[in-house]
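Everything below concerns the one structure shown next.
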Amino acid sequence: MSTLKAVRGTRDLLPPETALWNHIEAVARAVFARYNFGEIRTPIFEDTSLFARGVGEETDIVSKEMYTWEDRARAQSEKSQSLTLRPENTAGVVRAYIEHKLGETGQLQKLYYIGPQFRRERPQKGRYRQFFQIGAEVIGPPSAGSESPLRDAEILEMLATLLDELGITGWTLQLNSVGSSADRARYNEALRAALEPIAHTMCADCQRRAVTNPLRVLDCKVPEDQPIIEKLPRIVDLLDPASVEHFAAVTAALDAAGVPYTRNHRLVRGLDYYTRTTFEFTHGGLGAQNALLGGGRYDGLSEAIGGPKAPGIGFAIGLDRLVLTLQAQELNQESAPPQADAYIAPLGEAMNAAALSLARELRRVGLAVELGDGSFRLKKSFEAADKTARCIVILGEDELQSGILTVKDFSTGTQTKVPRADLAAFLAEPSK
Ligand code: AMP
């Protein structure tokens, strides 16, 4: 029988690497809290039509990357339904915003999420079929200021702060505006017209996109196509005055806050619902998949999925890529396997129960304790303890009766007799 493996494009995350994942998530949660965001958790699967309407039928995600299945009805009262593993989380957050009538609070909703997303992409370094995103959305009725360019600038400033606090160096903020949905429609037509006579000289993807979704031609990475793409019309020349003004206000606020950015005219992104500000933070160390995160404004999304007018802006960070970047930077150098404070070695199986009781005592006051086993010979206990803990505590019949335990500190090699009542305090002291 062949051995079973994790499905292509998925992977197991194991200790000690998971410590880095937890660290990144903890830093993100702390930063979001300072900006007064609250956490939202939406289901992993949703009605397929949410993504068809909220992400866009013509996008690569919806047209070829979703994990979709027909969920059979279990009772006559139920209907079978097409369900999809979420390929991204913005549509789900906006659905929840509509479903729970969060707009009626009249307040801006500032929501963040951390969790897995699923896309049937071609796996490679930094690109998986199950991957993890940390994202946030600011959404609300226009009266709450949800359309303000200050919201865009604040999100970008928060992201710069988060990356800095994680210790990620050398990131670049790429910024663009795709205008209003009317600007985008005009730009789409201008691109379509410009591409019509030349698309046949381009790659197969571009030929298809020139017809179905001309904006996506700008994402093409095929070297031969680049000179052609460079000469295509630029959206900046087609923006309406309100979008121009919005973009100028965003960049003025970024300048004032000292957040550096570069304008990237080709940044139109893969999702249909973006309007005005779009952005990506890239990192040179990531290779071909160089986007650490992406996001933008989506003023029409709520209405596209049947909700009230609720302009918003958000982003999704590729958590897998943050981990890759930090590992490459060797910032996690101190990731020698985490050490417990103590290893308790019962001398003989008769001491096992007492050892559990001692471990419980120490763990309850916050110490990290590894519990050995009385069936081990003392030499084996020492070897196991040396690999996993700073100290070994021997627990035999004598120690139990006298209440005096023998502790050996591996870093100093010293052996000390410690009364049980003082043990927790002794172990809590880092070795001198
Ligand atoms: P998107 O939802 O496409 O805007 O992507 C936002 C971010 O998620 C990207 O910048 C990547 O960092 C990350 N990302 C997207 N797709 C994948 C994937 N298949 N594997 C790993 N990370 C991904």
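The values are calculated or read from the model by the stated rules, or taken from the named source; none is laboratory data. Computed from a predicted structure; not experimentally measured. Here the Cβ positions follow ideal geometry from the backbone for every residue, glycine too, while neighbour counts run over all protein chains shown. Just the protein is used for accessible areas: all its heavy atoms, side chains included, with ligands, DNA and RNA removed. Shrake-Rupley method; radii C 1.70, N 1.55, O 1.52, S 1.80 Å.
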Residue in segment 319-327 that is part of a loop (DSSP other than H, G, I, E, B) and either open to solvent by less than 20 Å² (accessible area, probe 1.4 Å) or farther than 21 Å from residue 88 by Cα (or both) present: no
Qualifying residue in segment 61-75 (condition: assigned by TED's automatic domain parsing to the domain that holds residue 315, in contact with a Gly (Cβ under 9 Å, 6 or more places away or on another chain) and touching a residue at least 60 places away in the same chain (Cβ under 8 Å)): yes
Leading residue by the ranking (nearest to the ligand (Cβ to nearest atom)) among those in segment 306-321 that are under 15 Å from residue 140 (Cα atoms) and touching a Gly at 6+ places or on another chain (Cβ under 8 Å): 314
Residues located in segment 411-423, provided they are modelled with pLDDT of 95 or more and either within 38 Å of the chain's Cα centre (by Cα) or charged (D, E, K, R) (or both): 417, 420, 422
Number of the condition not met by residue 262 [criteria: (1) open to solvent by 50 Å² or more (accessible area, probe 1.4 Å); (2) over 24 Å from the mean Cα position of the chain (by Cα); (3) more than 16 Å from the ligand (Cβ to nearest atom)]: (2)
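Would you check if residue 79 is open to solvent by 20 Å² or more (accessible area, probe 1.4 Å) and either within 16 Å of the ligand (Cβ to nearest atom) or under 23 Å from the mean Cα position of the chain (by Cα) (or both)? Reasoning before the result, please.
Numbers: open to solvent by 20 Å² or more (accessible area, probe 1.4 Å): yes; either within 16 Å of the ligand (Cβ to nearest atom) or under 23 Å from the mean Cα position of the chain (by Cα) (or both): no.
The answer is no for residue 79.
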Test: residue in segment 409-419 that is closer than 25 Å to residue 350 by Cβ, in contact (Cβ under 8 Å) with a residue 24 or more places away in the chain and open to solvent by 40 Å² or more (accessible area, probe 1.4 Å): no
Conditions (1) open to solvent by less than 20 Å² (accessible area, probe 1.4 Å); (2) among the hydrophobic types (A, V, I, L, M, F, W, C); (3) at pLDDT 95 or above: number failed by residue 268: (3)
Segment 1-43: number of residues that are more than 13 Å from residue 322 (Cα to Cα), within 14 Å of the chain's Cα centre (by Cα) and open to solvent by 60 Å² or more (accessible area, probe 1.4 Å): 3
Given (1) without any contact (Cβ under 8 Å) to a residue 12 or more places away in the chain; (2) in a helix (DSSP H, G or I); (3) over 29 Å from the mean Cα position of the chain (by Cα), index of the condition residue 197 fails: (2)
Qualifying position, being in contact (Cβ under 8 Å) with a residue 40 or more places away in the chain and among the β-branched types (Val, Ile, Thr), among 404, 394: 394
Output for segment 131-173, where each listed residue is in a helix (DSSP H, G or I), open to solvent by 10 Å² or more (accessible area, probe 1.4 Å) and β-branched (Val, Ile, Thr): 161
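Restricting the search to segment 17-69, which residues are of a type in the set (Gly, Ala, Ser), part of a helix (DSSP H, G or I) and farther than 20 Å from residue 305 by Cβ? Quick ask: steps written out before the conclusion?
Of the residues in segment 17-69, the ones of a type in the set (Gly, Ala, Ser) are 19, 26, 28, 30, 33, 38, 49, 52, 54, 56, 63.
From what's left, part of a helix (DSSP H, G or I): 19, 26, 28, 30, 33, 49, 52, 54, 63.
Passing the criteria: 19, 26, 28, 30, 33.
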Single residue of segment 270-305 satisfying the filter (within 10 Å of the ligand (Cβ to nearest atom) and β-branched (Val, Ile, Thr)) that is nearest to the chain's Cα centre (by Cα): 282
Answer residue from segment 286-314, given it is assigned to a helix (DSSP H, G or I) and in contact (Cβ under 8 Å) with a residue 12 or more places away in the chain and is surrounded by the most Cβ atoms within 10 Å (Cβ to Cβ) among those: 301
Single residue of 155, 134 found to be more than 10 Å from the ligand (Cβ to nearest atom), under 19 Å from residue 90 (Cα atoms) and of a type in the set (A, V, I, L, M): 155
Complete set of residues in segment 341-377 that are of a type in the set (A, V, I, L, M) and loosely packed, with under 13 Cβ neighbours inside 10 Å: 350, 353, 365
